[in-house]
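Input: a single structure, listed below in structure tokens.
The values are calculated or read from the model by the stated rules, or taken from the named source; none is laboratory data. Quick caveat, the model's predicted, so the values are computed rather than measured. Cβ sites come from the backbone with ideal geometry, for glycine too, and all protein chains shown count toward neighbours. Remember, those area values only see protein heavy atoms, side chains included, never the ligands or the DNA or RNA. Shrake-Rupley method; radii C 1.70, N 1.55, O 1.52, S 1.80 Å.
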Amino acid sequence: IVPRLIAAGADMTRIHFVQISENASGTKEEGIVCLDRDLPILEAEVRLNPDIVLIIPDPVIAFLGDADPNKDKEVRPIYSKMKTFAKRLNVAWLFVNHWNKNQNATSINKTSGAKTMVSAPRATWMFSRSPEDPARYLMMKGKGNLSSGRTKTLAYRIISVPFDFGDGRPADPDGVPKLVWDGETDHTCDEVLQDATEPKNRRSSKAEELLTKLLAEGAKLAREIYLAGDK
């Protein structure tokens, strides 16, 4: 993570990685902050560093401690405490989560874990590859009641930038990935999800690739095309 932050131009004096060896309940943990019981320790850390304005659990499911991430009744109380924590200390939370494997879920139900993961935050963003260009990625509004009207989707690409890891070897020319913004689009999250899961769209895309390859050198008999398609 540190090389990626440096490549992105981060001020590393303002980045803190929180690790603890003993949590509030007295049980030992290997550097894992558990949000269900360690908020007092985390609050002490923030008060020691009053410039802290943003806390990022990545992924949030890994920091829920003993709570079952799939049960709203266990996740909701943690989120409520985190909300009070944020208001009291004037900080913001940014959760990172992953999509589940439900191919037919809408964007609001696509996040792993309990629905609280999406319903509790004031705003969510979804990230996916562009249907038209696999090398292009999309940052799409999932939900948000902080602004009105349609919010444009932001596109970006991930490039490799050289990086010296300081291990005595020459700088790696393909060192670390870096995000480069690539304009705005009109994609919506549900449209992208539907496009990715629609069998007809997948078949059409594969057929187009096959025909482009087969006809690259000129016309062919229809039966040859059908045989290649069957194969």
Placing each pseudo-label 7 Å from Cα in the direction of the beta carbon, Asp172 and Gln194 end up separated by a distance in nanometres of 4.1 nm
When the charge dipole of the chain is computed with +1 on Lys and Arg Cβ and -1 on Asp and Glu Cβ about the Cα centre, the Cα farthest towards its positive end, among Leu35, Ser160, Thr116, belongs to Thr116
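In whole percent, what relative contact order does the range 76-231 give with Cα contacts below 8 Å and a gap of six or more residues? All intermediate terms of the calculation are to be shown ahead of the outcome.
On the way: 180 pairs, mean separation 23.1, N = 156.
It rounds to 15 percent for the range 76-231.
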Nearest 10, in degrees from 0 to 90: the angle of helix 199-214 to the longest Cα principal axis of the chain is 50 degrees
Surpassing 23 Å at the alpha-carbon level, of the pairs Lys83/Lys141; Lys206/Lys231; Lys81/Lys141; Lys101/Lys231; Lys110/Lys231; Lys73/Lys141, are Lys81/Lys141; Lys101/Lys231; Lys110/Lys231; Lys73/Lys141
Sorted by chain and number, the residues with a modelled amide H under 5 Å from that of His187, at a separation of 5 or more or across chains, are Thr153
Counting only backbone N atoms under 20 Å from a point 7 Å out along Cα-to-Cβ of Arg47, the residues of the range 69-84 in range are 81-84
Given [x] 20.9, 74; [y] 23.0, 76; [z] 37.7, 140 as possible values of Rg and Dmax of the Cα atoms in Å, the one from the coordinates is [y]
Per DSSP, the loop-located trypsin sites (Lys or Arg not before Pro) within the range 128-190 having at most 15 other beta carbons within 10 Å are Arg150, Lys152
Tilt, helix 39-48 to longest principal axis of the chain (alpha-carbon atoms), in degrees rounded to tens, equals 80 degrees
dims of the range 56-167, Cα set, principal axes, largest to smallest, nearest Å -> 43, 42, 30
Here the FRET efficiency for Leu214 versus Asp133, based on Cβ atoms and R0 = 22 Å and rounded to 0.05, is 0.45
Rounded to the nearest 0.05, FRET efficiency between Thr106 and Lys71 (Cβ-Cβ, R0 22 Å) equals 0.60
To the nearest Å², the heavy-atom accessible area per residue of the chain with 1.4 Å probe amounts to 68 Å²
With all protein chains present, the chain has a carbon and sulfur share of its accessible area (1.4 Å probe) in percent of 54 percent
The chain, Gaussian network, Cα under 10 Å: of Ala120, Ala207, Ala155, the residue fluctuating most is Ala207
Amide H neighbours of Thr111 at under 5 Å, excluding residues fewer than 5 places away on the same chain, with H built from the backbone geometry, are Asn100
Each label sits 7 Å from Cα toward the beta-carbon; between Asn145 and Asp230 the label points are separated, in nm, by 5.8 nm
Quick calc: nm separation of the 7 Å Cα→Cβ label points for Leu179 and Ile1 -> 1.4 nm
